[in-house]
1. Looking only at the range 63-96, which residues are in contact (Cβ under 8 Å) with a residue 40 or more places away in the chain and under 18 Å from Arg39 (Cβ atoms)?
2. Considering (1) among the acidic types (Asp, Glu); (2) free of Cβ contacts under 8 Å to residues at least 24 places away in the same chain; (3) outside the structural domain of Arg24 (by TED's automatic domain parsing), say which one Asp259 fails and leave the rest.
3. Filter the range 20-48 for residues that are over 24 Å from Leu63 (Cα atoms) and in contact (Cβ under 8 Å) with a residue 12 or more places away in the chain and give the result.
4. Looking only at strands (runs of 3 or more DSSP E) that lie completely in the range 24-127, which have at least 3 residues being closer than 21 Å to Glu263 by Cα?
5. Looking at the range 249-275 only, could you name the residues that are under 11 Å from Phe26 (Cα atoms) and touching a Gly at 6+ places or on another chain (Cβ under 7 Å)?
6. Looking at the range 195-224, which of the residues that are at pLDDT 90 or above, of a type in the set (A, V, I, L, M, F, W, C) and farther than 17 Å from Leu131 by Cα is surrounded by the fewest Cβ atoms within 10 Å (Cβ to Cβ)?
Amino acid sequence: MAKLLRANAHHGAIPKFKRNLLLREFIASAGCTAQTMSRAALDYNVFGESYFYKHCNAFGQVLELEHLMAINMRVKVDGGFMMLLPDNKELEFDQDEIVHIMDYDVEQNIYGIPDYLGGVQSALLNEAATLFRRRYYSNGAHAGYIFYTNDPDLSEADEQELQAQISGSKGVGNFRSMFVNIPGGNENAIKIIPIGDFQAKDELEKVKNITRNDIIAAWRMNPALAGIIPENSGGFGDIEKIDRVYTSNEIRPICQLFDQANEVLREDRRFSWREPPTTDQSTANTSN
């Protein structure tokens, strides 16, 4: 899942954007800093779960939460948790030392599962289409034609020169033009027979657009917030209203899940969330 973030531009950017929206709602405290919540929120978006270690005082009161990297955390069969360390070492935690925030999965109740799993194949196809285009040009294979000539006025030296020019069209500088002049030649003296029309057969744009739409649907991300250029002149509508609705429907429910970690903190060390704007405030902002 971590490596998949580098497969596609949208799939890599959306979890961080959702993390940023959550941080906008977050009000830090001595018990949980903005950096701690930032890391935990990104883990939640990518892995469907995040982990906090409780730092307690002598009275057992939790004074601070420390983020633990979800990629290294494991749930033990006999209870508790374990963190994988370098050099095949392990660090064990008791059940009551860790706060485990997870997105419930209907098939098991051990680890969290992210929502975007249904779009993984689209992300990989999007990556494959991009890599194909890169390798196609890097290989210089896009000459893709047969250069046919049938003219008695073309000398053997000219044929060899044409052959050298065509062979040199691969690699760096492969978009050079070539001028051919055959004195006395007819209109069919030279024919270009395409055998690999890249634009017609690859359909890169169609593949990229379809897979992109699958990815943002898997993330439940509004296109206006996903950095997509609208194809119609009207655009996506009021971006502020879209932002408010998306934050209300998608981000604040995640904030409620993180309140599970807030409840273990001593009351004076708890963090809080920004109050959602009222209808009057939203209307005033839109008018301004």
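The values are calculated or read from the model by the stated rules, or taken from the named source; none is laboratory data. As the structure is a prediction and not an experimental result, all values here were calculated from the model. FYI the Cβ positions are ideal-geometry reconstructions off the backbone, even for glycines, and counts take in every protein chain you see.
1. Correct list: Glu64, Leu65, Ile71, Phe93.
2. Answer for Asp259: the failing condition is (3).
3. Passing the criteria: Leu21, Asn45, Val46, Phe47, Gly48.
4. Result: 49-56, 62-68, 98-102.
5. Across the range 249-275, the qualifying residue is only Phe271.
6. The extreme case among them is Ala217.
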